[in-house]
Amino acid sequence: FGSRNGPSGAQPQRLRSAVQQASQTAEMVLIPKKERKQILEHLFKEGVMCVKKDPRACRHNELEDIPNLHVMMVLRSLCSRAYVTEKFNWQWYYYFLTNEGIDY
């Protein structure tokens, strides 16, 4: 019952380093309530929002004072709760408000 990976402790060590590496790359995005409120107000007023797939963009194209990453994350969260529907085309996300989103 020999191991191909060498000593028996080599596999858990590789697994631990992979988990540590993954946790370092995935960071939480904290969005201030003021910005979240502005995003939701704009979405409710327009009914549709376009977001370029560029998390490094410093400003959103419609909301100039809010980073693009914050808009992406708020709308992705709403999409997971079925408050908006998402269409992706040519590196742009298009979010459409649903009836459940209007009730929310």
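Every number in this text was worked out from the coordinates using simple rules, so none of it is lab data. Since the structure is predicted, the reported quantities are computational estimates derived from the model, not experimental observations. Glycine gets a Cβ as well: all are built from the backbone with ideal geometry, and neighbour counts include every protein chain shown.
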Cβ crowding within 10 Å averaged over residues, with 68-75, 47-54, 96-103, 85-92 ranked highest first: 68-75, 47-54, 96-103, 85-92
Amide H partners (placed H, <5 Å) of residue 66, local residues excluded: 60
Hz values of 3J(HN,Hα) by residue in segment 32-37 - Karplus curve (6.51, -1.76, 1.60), Gly and Pro given as x: x, 4, 4, 5, 4, 5
